[in-house]
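Asker: For reference, the structure I am asking about is given below.
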Amino acid sequence: MLTVGLTGGIGAGKSEVSRLLASYGAVVVDADKIAREVVEPGTPGLAAVVDAFGPEVLTDDGGLDRPKLGSIVFADPERLATLNGIVHPLVGARSRELEQAARPDDVVVHDVPLLTENKLQSLYDLVVVVDASQDTQLARLVRLRGMAESEARSRMTAQATREERLAIADLVIDNDGPLEKLEPQVREVWQELTRRAASGRAQG
């Protein structure tokens, strides 16, 4: 088994790369998706969040009110740390379960937005970074996600720098251009990952 950490800045196109890798046969473990699952109604995770932040973070139907919780934690680093202390271990445990369920010859891709920020690169055999310039990221966030430019810049600034991500990369996918230039690169990376998985090597 080869374990891969996949990351990239907001608007770099990591989700599309993840989708393509899954279509080729990768076992994709999506940290964002798991983070939502571990606080669904009826889970110990949601109960722990309510214990920490009170019932006001629940919607009328008993689900997690994400905008409400976000307004609380993003204005207070200590409360954000409290939330992360609840959610991150649950995400880690579920990610390990999914990885352990994979076959010995699988390529397991962990889609982790904040891999660089949380210094998680040592958890994987190698790291793939989806790279794009800040101008490209900004244009995509404004055009495709409908963000105000100020919000987009704020979200980008809150993440690791491009240079910090590239410094931990074993393989880099350049997604500064149009979509049609992305797929051949991802296929080439997939071929390299499967080669390494088959050979049992994971050198950078």
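Asker: Treating only the Cβ of Lys, Arg, Asp and Glu as charged (+1, +1, -1, -1), what charge dipole size does region 72-204 show about its Cα centre? Round to the nearest 20 debye.
Answerer: 180
Asker: Of all beta bridges DSSP finds with both residues in the chain, what is the antiparallel percent, to the nearest 5?
Answerer: DSSP beta bridges in the chain are roughly 5 percent antiparallel.
Asker: Computed over the Cα atoms of region 97-186, what is the ratio Rg over Rh, Rh following Kirkwood?
Answerer: 1.01
Asker: How do 126-132, 20-26 rank on mean C-beta neighbours within 10 Å, highest first?
Answerer: 126-132, 20-26
Asker: Could you tell me whether region 31-139 comes out rounded, prolate or oblate from its Cα gyration tensor? Rule is a ≥ b ≥ c as square roots of the eigenvalues, rounded for a/c under 1.5, then prolate if a/b exceeds b/c, otherwise oblate.
Answerer: oblate
Asker: Let me ask another. Taking all protein chains as present, what is the carbon and sulfur share of the accessible area of the chain, in % to the nearest whole number, probe 1.4 Å?
Answerer: Here it works out to 51 percent.
Asker: For region 1-60, what D do you get in µm² per second when you plug the Kirkwood radius from alpha-carbon pairs into Stokes-Einstein at 25 °C and 0.890 mPa s?
Answerer: My calculation gives 174 µm²/s for D.
Asker: Take each of the peptides 100-107, 193-200, 136-143, average the number of other beta-carbon atoms within 10 Å over its residues, and list them starting from the highest.
Answerer: Per-residue mean Cβ counts within 10 Å order the peptides as 136-143, 193-200, 100-107.
The values are calculated or read from the model by the stated rules, or taken from the named source; none is laboratory data. Computed from a predicted structure; not experimentally measured. All Cβ positions, even for glycine, are placed from backbone atoms using ideal geometry, and neighbour counts span all protein chains on display. Surface accessibility is based on the protein's heavy atoms, side chains included, excluding ligands, DNA and RNA. Shrake-Rupley method; radii C 1.70, N 1.55, O 1.52, S 1.80 Å.
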